[in-house]
Structure formats: structure tokens, C-alpha cells
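As C-alpha cells, the structure follows; a few thoughts come after it.
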Amino acid sequence: MYMHKFIIGKEGIRCQIIVEKIEVIDKKVMKKQENTELKIKKEKLVKDSLLRLNPEMKVFVMGDMNDDPTNASMHKVLKAKAEISEVGADDMYNPWYNILAKEGKGTLFYSGSWNLFDQIVITPNLLNRDSKNKDYSSLKFWKNHIFHRDYLIQQEGQYKGAPLRTKAGGRWLNGYSDHLPVVMYLVKEKSRKW
């Protein structure tokens, strides 16, 4: 595990980035689901450790999770809930859950259907729980979406409608990725100086 500390911006917001590389020695022995669940358990341990050190820390778990938000590894192991109202103190919020489950949108297209492996999951202290009186005095989740643009989508051939890959079958396609990017907006009120 590698930890990087740095300061961002003129307000001196301190951030800690933890990069964890998990290697599986024998992939033939462990099934994909076991690998993913082990990875998610480790991510939850890191998140829990950070919050034990500083309960006010705002933690993001993000990346290609190799599982959808609806899979047990995300929903039960990481405790990433679909609705803000469901999020308890030890849980996380996964704003991507309903984008896949209710809207049928995803970031990668495989075997004729969308998956949403690319996720940003957040701790409860980044949420506005009161829908009538939103408080943006500290950094808060505002909204999220999948960055879906025509130039990122294959327009013809075998992969039509899927993200425009860089290559497939050993052939260069001059694309971007087999996954679409995800975007999360966070906001904080600008402090007024009189």
C-alpha cells in the first residue's frame, strides 16, 4: 500500500490518496467473484481504518470495481447503499446504483448489455440528508453522471453502440477505452470575506 499526502488549492485542503495494488498469485485457483470480493473487503478495511483515525475524513472509493453496484461485493460487503436515506454511519453511498438498476445505463457494454463497473462511492459526511435545507458550508456531493458522448461510442461494426475501444482483435480502432468515464460533482459554498 502506498500513501501520498498533498495539499490542494489556495485554501490548503489536505488530501490523502491511498493507492493499493492487490495482486493475485494464481488466478486459475481463485474465481473472479472471490477476487473482487477480496478486493472490496480490503477497500472497506482501508476506509474503516481511515475513519477510525479521523471520523471527519471524507473518503472516496473509486475505480473499476469489476462488479456492478448491484452486486453483493458492493452492496453488502462495502455497504454502498442505493439511496441517501438508507445510508447509516458505517455505510457508504453509491450514486451509480440507480443509474444501472433503474435507468439501465452503464460504463461498459458486454454481451449485449450494460455494466457499471466504474464507480465513485462516498462516505455519509459528503451527503446532504435534509432535502429542504441543503448545507454546502463543507464539501458535499451534488450530482453525478456517466460521460456519454457520440465520439466515445463505436458507430459501426461488431461493437456498434459500445464504448469506442482503442483496439479489438489485434486491430487498432483509434478509440479511447472500452469503458465510459464517470463524473461526480462536489460543491462547497464560497466563504465570504467582507
How big is D, in µm² s⁻¹, for region 89-194 by Stokes-Einstein at 25 °C and 0.890 mPa s if Rh is the Kirkwood radius over C-alpha pairs? 152
Find how many whole Å separate the alpha carbon centroid of region 81-128 from the alpha carbon centroid of region 154-194. 17
Calculate the all-directions average of the projected area of region 69-135's alpha-carbon convex hull, and give it in nm². 5.0
May I ask you to evaluate 6.51 cos²θ - 1.76 cosθ + 1.60, the Karplus curve with θ = phi - 60°, for each residue of region 110-125 and list the ³J(HN,Hα) values in order in whole Hz, giving x for glycine and proline? 9, 6, x, 9, 8, 10, 10, 7, 8, 9, 10, 10, 10, 7, x, 6
Note: region 26-151, point scatterers on Cα, Debye, no solvent; log10 I/I(0) at q = 0.11, 0.12, 0.13, 0.22 Å⁻¹ equals -0.41, -0.49, -0.57, -1.35
When the gyration tensor of region 113-154 is built from Cα positions, what are the square roots of 5 times its three eigenvalues, in whole Å, from largest to smallest? 30, 12, 9
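FYI, it's all coordinate maths here, none of it is from the lab. None of these values were measured; they are calculated from a predicted model.
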